[in-house]
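The values are calculated or read from the model by the stated rules, or taken from the named source; none is laboratory data. Small disclaimer: the values here were computed from a predicted structure and weren't measured. Don't worry about glycine lacking a Cβ; one is built from the backbone with ideal geometry, like all the others, and counts go over all protein chains shown. Keep in mind that these areas ignore ligands, DNA and RNA; they rest on the heavy atoms of the full protein, side chains included. Shrake-Rupley method; radii C 1.70, N 1.55, O 1.52, S 1.80 Å.
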Amino acid sequence: MREKEGAMRLINTETLELVDFVADVPPYAILSHTWDEGEVTCHDMTARSGPPDKQGWSKIVRTCGLARDMGLSYAWADTCCIDKTSSAELTESINSMFEWYRKATICIVYLSDLAACPASHSDLEKCRWFGRGWTLQELIAPETIHLYNKDWAMIGNKDNMSDIIAKITRIPESVIRGKTSFHGYSVAQRMSWAATRKTTRIEDRAYSLLGIFGIHMPMIYGEGVQAFRRLQEEIIKRFPDRTILAWQPEHHYSEVCSPLATSPDEFRMSHDIQRADSLEQPRLVLHPREDQDGNKHPRYMLEVGWLDVEGAVICIPLRKVGYATYFRETFPTLLKLQEAEWLKIESTIESTTRLHRFLLSDVRLGVPTSVPALLRSSNISHGAIYIDKHRDITINSWTAVPTAAYDDVTGLCFCPGGARIDFFACMFTATFGAEHVEFGVLLPSTFSSRRKQVALVDMRSPGVKQLFILLRRNPEEPMPWYDAEGFVGAMWNSVRVKIRDGAEMVRIRGKLGFGHVLVESQPFQLPCLYLDIDRQILEGPQRMEMNEDPE
């Protein structure tokens, strides 16, 4: 077992024996291939019973012969130069693999399933080597690569074959030739190079990418897809690159999903998504999206990258489920906003420091599979309130304070995450016909006959504005209901809207009750706030602006 950093086990190309180097590693050739039956192991090489009687022995002999012809005394092959019975050595080797390929004098690529020479594009495209996970770094890391067919006839090198290799792998030709550094490409772009590649062990989908991102982490075989999640978390710690969120779900998810992908395959369509380096912090915007009926609703979107070929900003859709806390919505997967359209909505940008922290630090906790799962979760301390949508009122935007969330999709206001609050407070901007309306809703989280049950308030009122300013002052220590009751007690439970040049007054009232609410087709018994509308035609003196509510 090698203990010193930088240690390497090589094959002597003359004697075909293994030699350990703990420092001053000599020049060497390195083999890149796809594994077949009968590969030679480290134990086979150290056994004193003569040459291994295995099919893979000829591969070792041929590699060493080519290395000798190039004037190299040593060679390396992953089959026999790593003692895979030692977990410590295996971890060290996998974390060092990219550097070993990068420092090799030459990389010998053996295509065991390529018979033709010269090879056509279609012949090469069928080779397993171009579809394996580990061979991605083995293609990018070495400066010099020679490719050989099944008969060990050289078919070319990566410089004179870079165009055909680029078409097969979708890796830029300049990266293959080493003219531009792959470090200049976004996380999403590099992940896209690994999409569709296969490995025998599912964990190796992540471990084979360590060198591509300059990451070191322990190997835990048996963890399954969690390995790729760990890799993404390590990338996030090192690189402020939000394109790691620019993936498209390929599996069946519910309405919300984790912000992190389950495999590189979900970056398949992200090969053109670049970093938006001009943005110092992520931008969260509200932007109208059309539903199936053609109605537009404002939805939260987070900017994650830039599509230069179309001059568009790439965003992911979010659903707000708590104070500065969001889940990623599954569909639509990625949204493109043209630059001109993006600039029009700059004024709706919110601070996203807490959002950024949520997305990047809480991903291991996962997300509930649906809003019903949230409702059944013990994390919701005081249940939820359903706010009914009146057919004549179009909600344009909303904000929930202090720690609660309002979900426009379900009409629910609730408090996930275990935060203890006494009441819900929401602010809405809406349209009633052609009129603009701003109103707030104040609801205690528990109900008592001694308490005022609900307040529907006009956000244009100075007293209401003052209350909501106080509510937002320290969201992490929300105001108790008894402190708010002094404000609420003096508020009328209605909002007045004058329309038709003051000839008609509409009063929006809030009424509290209990009812069965369908949330994603699942019934729940919940408190409900119903919005009622009263219309009154005003004549003569009634058209004068009233300073007091008639109630």
Using beta carbons and a limit of 8 Å, which pairs, at least six apart or on different chains, have the first residue in the stretch 252-270 and open to solvent by 40 Å² or more (accessible area, probe 1.4 Å) and the second one modelled with pLDDT under 90 and not in a loop (DSSP other than H, G, I, E, B)?
E255/R319; E255/E329; E255/V371
Hits in the stretch 106-115 (condition: of a type outside the set (V, I, T) and surrounded by 13 or more Cβ atoms within 10 Å (Cβ to Cβ))
C107, Y110, L111, S112, D113, L114
Could you check the stretch 126-164 and list, in sequence order, the residues that are of a type outside the set (K, R), open to solvent by 30 Å² or more (accessible area, probe 1.4 Å) and either at positive phi or in a loop (DSSP other than H, G, I, E, B) (or both)?
W134, E143, T144, D151, W152, A153, D159, N160
Within the stretch 24-34, identify whether any single residue is of a type in the set (D, E, K, R) and at negative phi, and answer yes or no.
no
Taking the options A47, A29, name whichever one is in contact with a strand residue (DSSP E or B) (Cβ under 8 Å, 6 or more places away or on another chain) and small (G, A, S).
A29
Which residues, counting only those in the stretch 25-43, are of a type in the set (A, V, I, L, M, F, W, C) and under 39 Å from the mean Cα position of the chain (by Cα)?
A29, I30, L31, W35
Please determine, by comparing only the residues of the stretch 88-122 that are in a loop (DSSP other than H, G, I, E, B) and out of contact with any strand residue (DSSP E or B) (no Cβ under 8 Å at 6 or more places or on another chain), which one is nearest to A7 (Cα to Cα).
S112
With the first residue restricted to the stretch 305-333 and required to be over 14 Å from C257 (Cα atoms), and the second required to be of a type in the set (D, E, K, R) and at pLDDT below 75, Cβ contacts under 6 Å at 6 or more apart or on different chains are G311/E339; A324/R354
